[in-house]
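J.: Can you read through this structure? Questions will come right after.
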Amino acid sequence: MILSCISFKGGVGKTTCTQNVAVCLAHAGHKVCIVDADESTSSKDWVDRRDDALPKIDLVVDNDEDNIGVTIQNLGKDYDFVLIDSPPSQKPISSIIILISDLILVPLLPKGAQETNTIQQLMKKVRNLEATTGKEVPIRFVVNKYKEWIKSNQIFFSALEDAYPGKVLGATIGDRDEFSKVTHSGKGVYEGGDQKASAEVVALTKQIVEILQTL
């Protein structure tokens, strides 16, 4: 199965979601590969720091729009899950990733109109691709750095559900230092010491797998 994390802006959690879901899937015994399509190669650097004693996560760097579709298709034959860490742009490579994915995961921050505008741009692109190809693009939103005790975050989440019914994951990612802390040793929070952070990514991964099983 091919899962991609996409947004047209940086800093929303694409790499965080990619790495932590990959870790959970690897611990569940799945054969996992990350395709790092972001020019920053953050996921490559993260895998390079990963201890050999941890469950293996393979990685391929490919940000070539003339080749990435073939790369992903071939990897899909050899791995249970291929996760794509996408670039924060509207370049043609993003369209290729969208069309080849079994599920699109869109991380976003609970920041009101600033995020809403980015979502609208992405959905416009998705709908145009659907109209052009005749293929339905399965897409889900995951709220990152969510603080459930803050009213504005609650309002944002509810408004998102109203705007995109059935497309917002109930599993959220909290605003926790552990997510950045563990990256220095090539780990996911599932492999760290924060049980709340670990529970969040386990719930997120479980929900993603359940959706993929229905597609």
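J.: Please go through the stretch 146-178 and pick out each residue that is under 24 Å from ARG127 (Cβ atoms) and either in contact with a strand residue (DSSP E or B) (Cβ under 7 Å, 6 or more places away or on another chain) or basic (Lys, Arg) (or both).
T.: PHE157, LEU160, GLU161, TYR164, LYS167, VAL168, LEU169, listed by residue number.
J.: Restricting to the stretch 57-86, and then to whatever is closer than 21 Å to THR133 by Cβ and in contact (Cβ under 8 Å) with a residue 40 or more places away in the chain, can you tell me which residue is surrounded by the fewest Cβ atoms within 10 Å (Cβ to Cβ)?
T.: The residue in question is GLY76.
J.: Something else: Would the stretch 179-193 turn up any residue that is hydroxyl-bearing (Ser, Thr, Tyr), surrounded by fewer than 18 Cβ atoms within 10 Å (Cβ to Cβ) and either within 30 Å of ASN74 (Cα to Cα) or touching a Gly at 6+ places or on another chain (Cβ under 6 Å) (or both)?
T.: yes
J.: Another question, if that's okay. Kindly indicate whether ILE97 is surrounded by 21 or more Cβ atoms within 10 Å (Cβ to Cβ) and either more than 20 Å from PRO138 (Cα to Cα) or touching a residue at least 12 places away in the same chain (Cβ under 8 Å) (or both).
T.: Spelling it out, ILE97 is indeed surrounded by 21 or more Cβ atoms within 10 Å (Cβ to Cβ) and either more than 20 Å from PRO138 (Cα to Cα) or touching a residue at least 12 places away in the same chain (Cβ under 8 Å) (or both).
J.: Taking the residues in the stretch 173-215 that are part of a loop (DSSP other than H, G, I, E, B) and among the hydrophobic types (A, V, I, L, M, F, W, C) as candidates, determine which candidate is nearest to VAL12 (Cα to Cα).
T.: Filtering the stretch 173-215 for residues that are part of a loop (DSSP other than H, G, I, E, B) and among the hydrophobic types (A, V, I, L, M, F, W, C), the one nearest to VAL12 (Cα to Cα) comes out as ILE173.
J.: Restricting attention to helices (runs of 4 or more DSSP H) lying wholly within the stretch 1-108, give those where 2 or more residues are closer than 23 Å to THR214 by Cα and aliphatic (A, V, I, L, M).
T.: In the stretch 1-108, the matching helices (runs of 4 or more DSSP H) lie at 14-27, 68-78, 92-100.
Bear in mind these aren't lab numbers, they're just calculated from the coordinates by the rules spelled out. Computed from a predicted model, the values in this text were never measured in an experiment. Backbone-built Cβ (ideal geometry, glycine too); neighbour counts: all protein chains shown.
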